[in-house]
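A short worksheet on the structure shown next.
Each value in this text was obtained by applying a stated rule to the coordinates, not by laboratory testing. Remember, it's a predicted structure, so these values are computed and weren't measured experimentally. For neighbour counting, all protein chains shown are included, and Cβ atoms are generated from backbone atoms with ideal geometry for every residue, glycine included.
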Amino acid sequence: MIKNKVIKLDIGCGERKKKGFVGIDIDPNSDADIIASALDLPIENDSIDEIQSSHLIEHFLPKETQRFFDEIYRVLKRGKLANIKIDKDWTKKRLLAKDSTHKYRYKTKEIKKMLEKFSYKKVKDKIFFFRLYQPRRKIFIKLIK
Ligand SMILES: C[S@@+](CC[C@H](N)C(=O)[O-])C[C@H]1O[C@@H](n2cnc3c(N)ncnc32)[C@H](O)[C@@H]1O
């Protein structure tokens, strides 16, 4: 009897792929197991048990982010979780200066608007502030399909 395999994806994993996750990244020098674009995942519909994506979508313009959201909704199994972490920093200027490949500073309400068209059972968001060594600001989004 063949057991259903649990597959978890870390999309845009870079060099910090999450343990137990299959890494996907566009950069061949990353830790990815699959070199592919997050905007065109080589993954079957409704086949993934968990998705994590950290510090990826600030590298996308809104049109690309919408496409990314289409892709994760497509591949995630019903009832399963996607965890998305977005660097927001304190200002657009700071965010864009921090990394030359950053393209856009998202607001939580913009992200939630993009997610409205999907029928996620749950959409939770949190803003995190880290002040210990340097001020940081991140949006964490939890989606349950
Ligand atoms: C700032 S790094 C984040 C790495 C890691 N997730 C972390 O939190 O440390 C952004 C990663 O996104 C990848 N990336 C950028 N555009 C991508 C795309 N269209 N598809 C997949 N990965 C992409 C980059 O190659 C890079 O490894």
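In the stretch 8-144, what % of DSSP beta bridges are antiparallel (nearest 5)?
55 percent
Once you compute Rg and the Kirkwood Rh from C-alpha atoms, what is the Rg to Rh ratio for the stretch 8-144?
0.95
Compute the FRET efficiency between residue 99 and residue 122 as 1/(1 + (r/R0)^6), taking r as their Cβ-Cβ distance and R0 = 25 Å, and round to the nearest 0.05.
0.25
With point charges of +1 on the Cβ of Lys and Arg and -1 on the Cβ of Asp and Glu, referenced to the Cα centre of the stretch 8-144, which listed residue (24, 111, 90) lies farthest in the positive direction of the dipole?
In the stretch 8-144, that residue is 90.
Rounded to the nearest 20 debye, what is the charge dipole size of the stretch 8-144 about its Cα centre when +1 sits on each Lys and Arg Cβ and -1 on each Asp and Glu Cβ?
Result for the stretch 8-144 is approximately 1100 debye, rounded to the nearest 20.
Quick one: net charge of residue 53's neighbours, Cβ under 9 Å, K/R +1, D/E -1?
0
Below 8 Å, C-alpha to C-alpha, sequence gap of six or more: please give me the relative contact order for the chain in percent.
20 percent
Placing +1 on the Cβ of each Lys and Arg and -1 on the Cβ of each Asp and Glu in the chain, which of 81, 37, 48 has its Cα farthest towards the positive end of the resulting dipole?
Of 81, 37, 48, it is 81.
When the Karplus curve 6.51 cos²θ - 1.76 cosθ + 1.60 is applied with θ = phi - 60°, which whole-Hz ³J(HN,Hα) does each residue of the stretch 48-63 get, with x for Gly and Pro?
Karplus-based 3J(HN,Hα) across the stretch 48-63 equals 10, 8, 7, 10, 10, 8, 10, 6, 10, 6, 5, 8, 10, 6, x, 4 Hz.
Near residue 107, which lysines are there with a Cα under 21 Å away, not counting those fewer than 8 places off in the same chain?
Candidates past the 8-residue exclusion: 63, 85, 88, 92, 93, 98, 117, 122, 124, 126, 138, 142.
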